[in-house]
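Worksheet: the structure to be examined is printed underneath.
The values are calculated or read from the model by the stated rules, or taken from the named source; none is laboratory data. What you see is a predicted model; the values in this text were computed from it and never measured. Here the Cβ positions follow ideal geometry from the backbone for every residue, glycine too, while neighbour counts run over all protein chains shown. These accessible areas exclude ligands, DNA and RNA; they are computed on the full protein's heavy atoms, side chains included. Shrake-Rupley method; radii C 1.70, N 1.55, O 1.52, S 1.80 Å.
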Amino acid sequence: MQSATLEFKYNAHDIEPKARAWWNDNHSFRAVEAPGKRKYYCLSMFPYPSGKLHMGHVRNYTIGDALSRYHRMRGYNVMQPMGWDAFGLPAENAAMANGVPPAKWTYDNIAYMKKQLQSLGFAIDWERELATCKPDYYRWNQWLFLRMLEKGLVYKKTGTVNWDPVDQTVLANEQVIDGRGWRTGALVEKREIPMYYMAITKYADELLGALDTLPGWPERVKTMQANWIGKSFGVRFAFPIEWPAAGGSALSSPARGGGVGGGGDNALPDKLWVFTTRADTIMGVTFCAVAAEHPLAAHAAKNNPKLAAFIDECKRGSVIEADMATMEKKGLPTGISVTHPLTGEQIEVWVGNYVLMSYGDGAVMGVPAHDERDFHFAKQYGLPIKQVIDIAGKPFNLDGWQESYADKENGVCVHSGQYDGLRYMEAVDAVAAALKAKDLGEKQVMWRLRDWGISRQRYWGTPIPLIHCGDCGVVPVPDDQLPVVLPEDCVPDGTGNPLNKRADFLDCRCPQCGKQAKRETDTMDTFVDSSWYYTRFACADQKNSMVDARVKYWLPVDQYIGGIEHAILHLLYSRFWTKVMRDLGLVTLDEPFANLLTQGMVLNEIFFRKPAIPPAGATGAAGGGRIVYYNPTEVDITVDASGKRTGVTLRADGQPVESGGIGTMSKSKNNGVDPQSLIEEYGADTARLFMMFASPPEQTLDWSDSGVEGASRFLKRLWSYAYDQQGDIAQVLQGKADGVLVADGWKPGVAAHADFRREIHSVLKQADFDFAKFQFNTVVSAAMKILNAATAFAATKAAGDTERAEQRLLITEATGILLRILAPITPHITHALWQGLGYGKDILAAPWPQADAAALDTDEIELVVQVNGKLRGSLRVAKSADRAEIEKLALANAGVQKHIAGQTVKKVVVVPGRLINVVV
RNA sequence: GCCCGGGUGGUGAAAUUGGUAUACACAUCGGACUUAAAAUCCGACGCUGGGUUAAACCGGCAUACCGGUUCAAGUCCGGUCCCGGGCACCA
């Protein structure tokens, strides 16, 4: 290679566009199916086009790009695609704020963000780009929805939503702030509406079991998913109910009762079903509790205004589980009694706000002695507490709850009649058998996972392909009428779904009878869009089917990269869809993502002002309003003389704002930092280098501006080092083939040169190890070490021509290693230097550097000597030295002698190649 | 509340998975170059005690906190506190 002369100074804004133009001209990142060649499908979670890239995106895509380029240099056929998760709520919010249709807002954002991604030099195959808001994508959501409907995997039932009584609209959980609607300030109500559900619970067992087939997933993610699916083994059983004879009592009329759990429509239930994982404590039941939505509660409330009011109170408020779980535990008796299935005792039934209707049968047995929630509930309402489990060595008293009361591993049944002395499993088996004998229950597996409600009463999403006909009922849209196209010119105003006002969308003919009919206006949860996009990237141009044969070559995704916040929902839904597609014969794989890297979130401080909350009970917008968040760049922080913060004010008006702690950078909290200014000032390589150096990928990253300068300085030093060495390097590379510099096993003739080569290769070995672990921050630090060492080495004077030639050779080797280690992280500068110094025309095509074992070999090793675990000295010994010899040398060591003087040596621990510990 | 992570200098972090704690950087301070500044280069830099004009040097204590296992703990075990993520309609 003939080298061109390098510019004197590093100029990112000159070399970066040139590098990108070169990749573009050479179609460097076009992924082509090549059967037989090792493929590497590297996928970063596609972004929501919120307006502009944020730091989390830069972090995510830099990690993905580094992995793509690294694998490419290691010889893989790499595909790295990109697309847009383009449906969603923020587009509707923007529409309300600016009057722009969500479609236009979204497409504008995509155009801008695409430019930003391109300016960062990511090795993306843009020919595979897709956006989920386009009909040629979402038609396949609709098509698969219909297939699932046919297979019984989609069904209709009611679900609970947040209802804003002022705007008359359904609110997303994030639009509920402190129990009030974010725009109106009105107290949110719960409302039951019909929805469509996907039967993910039919796959619960497989979704749980298959976690064991995913060695490339982080343990923490698998644990979270396993807990979310929540398989528990227990007993489902019934408390028989003996209703008083018809006549006088408040609960007298069976005819007025509602149906319960599979009973007849108008008959009063004759049993209260519950599920428990602690059947061994059944003899300790002192009450039962049902959810406010439980039919028994509704029945009891009919003639009990106080209870009716309490149930109403429970039904108000948010549907968010975290809110439910932190509420004060409250309850009221129903006046209904049930019969204990084993003892025949009468047990009072209560309504408890801590009982979830969505888990099990919406009712629990109350065993206050051995369940913490039951304990507090019983204490509060003066219900009896009966100990039935004894934990050896742990006293039991009723003063306060103790962890040990719930210990099932070490407990033995007491005060439990025939079950006394049995351990947990024995007791569960015996109780289950006794219940079964009475036909009142049996062992059962229970799941925490619930079916996936996909209906959204929103405009900007995939239309659900159903038609409501007065005669035929709900009719699926025939395949040949897909896609049901969403009109793109609606502007939502916050009062319900605008599709309901669009006759051109709404009115249609019934596919079955041809009469006038109405389209369904609910759209799909946007998680549907993101549940299969990774398969579509393999065949984004396919017009006639959802997927095609190319999926077989590219899938599964070899490396998936995305935020830890997606550890459960998105990843679980995607796994579910893959299995559904497999069972429909569309794909052959069981799991979509072979390896998963969950990057930590980029955090920043949150600043806000909170308007006055209206008095309790107020429902109007007056005095209410939403919290206003201010970007960290808009506030000034004042500090006192010692550097401690004294206050935060908004620059615009000088008035104080509150700090909400640190949190993930998000649009809703307005604490994002725009990476654009970083790119514009320093260039893409500096931005990438800084993000990768700041912390390891899986850890959270608290944003701070400092450190960017350091990254930039390193690239400048790299450039000027290369500039200084270009003559020497050119001399060595004259006439050499790409990349091959020094044969393995070659030993320099000068000791100092051997030391230098050993250092370079040992750092290389470390960097390679770190690359394999995806620990890019230490890869960067390895590159810094190589540059530091090489700069110092290049400054040393050689003793003669032979030494000088050897020095040139070593510098050329070290520089080649340095550029290749850095290439995946800072691709532009390394591309420019690789070409400019004459190593070759494309660093991406260069072989990955290998640490040379011969360079690492030494005759002597250094051992550390400790006395009682404290460092007291070190010694150099021949590599071949045996244990006895090392021990002798260690004991003779001056530092050791000083600390063992006058004491007896009890033991000497020798860790080969590392240290010696003398114990006195 | 429940589930999952994290906590190491002034700051971001490293520690080859139980074996020399603080690599590599940032910030700061000092020096060189310069009429000056910026840039660049060189050096110092956990806390604390002894020591000396200053050094060299010699100790002790430090990985959120308390306790345990071990010859040896940032790393393993038990408990506590704080921070972050998720909790099913944000994506």
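Worth a mention:
- Across chain A the C-alpha pair distances fall into 20 Å bins from zero in the proportions 11, 33, 33, 18, 4, 0 percent.
- Zone residues, segment A:440-483, relative to A:D205, backbone N less than 14 Å from point 7 Å out along Cα-to-Cβ: A:444-447
- Pairs beyond 19 Å (Cα-Cα), from A:K271/A:K438; A:K37/A:K579; A:K271/A:K306; A:K134/A:K543; A:K408/A:K438; A:K306/A:K330: A:K37/A:K579; A:K271/A:K306; A:K408/A:K438
- A DSSP coil position with no more than 14 other Cβ atoms inside 10 Å describes the following trypsin sites (Lys or Arg not before Pro) in segment A:144-251: A:K151.
- Here A:K156 and A:D768 are evaluated by their C-beta separation; at R0 = 56 Å the FRET efficiency comes out at 0.50.
- Straight-line reach from A:K841: taking Cα to Cα under 14 Å and skipping same-chain neighbours fewer than 8 places apart, the aspartates and glutamates in range are A:D25, A:D738.
- Top positive-direction residue, dipole computed over segment A:290-378 with Cβ charges, set A:V319, A:N303, A:V338: A:N303
- Net dipole in debye of segment A:63-176 [+1 Lys, Arg Cβ; -1 Asp, Glu Cβ; about Cα centre; nearest 20]: 500
- Per residue, segment A:642-702 exposes an accessible area of 49 Å² to a 1.4 Å probe, with every protein chain left in place.
- Once backbone amide H atoms are built at 1.01 Å from N, A:K330 has A:N353, A:Y354 as its partners under 5 Å, excluding neighbours fewer than 5 places away on the same chain.
- Length gained on full extension, A:E372 to A:A752, computed as 0.36 nm times the residue gap minus the Cα-Cα distance: 129.9 nm.
- Whole-number D in µm² s⁻¹ for segment A:682-735, Kirkwood Cα-pair radius fed into Stokes-Einstein, 37 °C, 0.692 mPa s: 250
- In the assembled protein chains, A:F769 presents an accessible area of approximately 120 Å² (probe radius 1.4 Å).
- Å² of accessible area per residue within segment A:540-581, as computed with a 1.4 Å probe and no ligands counted: 32
- Surface composition of chain A: carbon plus sulfur atoms contribute 52% of the solvent-accessible area (1.4 Å probe, protein chains only, all chains present).
- Largest to smallest accessible area among A:T858, A:T169 [probe 1.4 Å]: A:T858, A:T169
- A:R373 - accessible surface, heavy atoms, 1.4 Å probe, Å² rounded to 10: 130
- Take the Cβ atoms of A:K306 and A:Q168, set R0 to 30 Å, and the FRET efficiency comes out at 0.50.
- The largest-to-smallest principal axis extents of the Cα set in segment A:152-206 are 43, 20, 12 Å.
- Mean separation of Cα contacts under 8 Å, 6 or more apart, over the residue count of chain A: relative contact order %: 15
- Tilt relative to chain A, helix A:219-229 - C-alpha long axis, 0 to 90 degrees, to 10: 10
- Rounded to the nearest 10 Å², the accessible area of A:D507 at probe 1.4 Å: 70
- On Cα atoms only, tilt of A:684-694 relative to the major axis of chain A in degrees: 70
- Rounded to the nearest Hz, the phi-derived 3J(HN,Hα) couplings of segment A:703-715 under the Karplus curve 6.51 cos²θ - 1.76 cosθ + 1.60 (θ = phi - 60°) are 5, 7, 6, 5, x, 5, 4, x, 5, 5, 4, 4, 5, where x marks glycine and proline.
- Helices in chain A, meaning DSSP H runs of at least 4 residues, each add -39500 (n - 2.57). Divided by all residues, the mean residue ellipticity at 222 nm is -10500 deg cm²/dmol.
- Taking every alpha-carbon pair under 8 Å whose residues sit at least 6 apart, segment A:14-135 reaches a relative contact order of 35 percent.
- A:V474 long-range amide H proximity, modeled H, under 5 Å: A:C469
- Most positive-pole-ward Cα, A:G654, A:I679, A:A881, against dipole of chain A from beta carbon charges: A:A881
- Simple spin-label estimate for A:D479 and A:L398 gives 6.7 nm between the two label positions (7 Å along the Cα-to-Cβ direction from each Cα).
- Solvent-accessible surface of protein heavy atoms, probed at 1.4 angstrom with all chains present, puts A:M524, A:M327, A:M283 in the order A:M327, A:M283, A:M524, largest first.
- Multiplying the residue separation of A:T633 and A:M425 by 0.36 nm and removing their Cα-Cα distance gives an extension gain of 68.9 nm.
- Note on A:V100 and A:A853: the model spin-label points, each 7 Å out from Cα along the C-beta direction, lie 6.1 nm apart.
- Calculated FRET efficiency, A:E129 to A:M327, Cβ-Cβ distance, R0 = 35 Å: about 0.15 to the nearest 0.05.
- Separation between Cα centres of segment A:160-231 and segment A:880-894, rounded to whole Å: 65
- Based on C-alpha pairs under 8 angstrom that are at least 6 apart in sequence, segment A:259-412 has a relative contact order of 27 percent.
- Full-stretch length increase - A:A845, A:T700 - with 0.36 nm per residue and alpha-carbon distance subtracted: 48.9 nm
- Surface per residue (accessible, 1.4 Å probe) for segment A:776-920, Å²: 45
- A Cβ-based charge dipole, computed about the Cα centre of segment A:300-339 with Lys and Arg at +1 and Asp and Glu at -1, lands at about 200 debye.
- Residue among A:M96, A:N777, A:L449 farthest towards the positive dipole end of chain A, charges placed on Cβ: A:N777
- Diffusion coefficient, µm² s⁻¹, Stokes-Einstein with Kirkwood Rh over alpha-carbon pairs of segment A:688-780 at 4 °C and 1.567 mPa s: 80
- Rounded to the nearest 10 degrees, the angle from helix A:102-119 to the longest Cα principal axis of chain A is 20 degrees.
- Charges were assigned to the Cβ only: +1 to each Lys and Arg, -1 to each Asp and Glu. The resulting dipole of chain A about its Cα centre is roughly 560 debye.
- Fraction of the pair-distance distribution of segment A:490-617 above 21 Å, Cα-Cα pairs, percent: 64
- Distance (nanometres) between label positions extended 7 Å along Cα→Cβ at A:T649 and A:D493: 4.1
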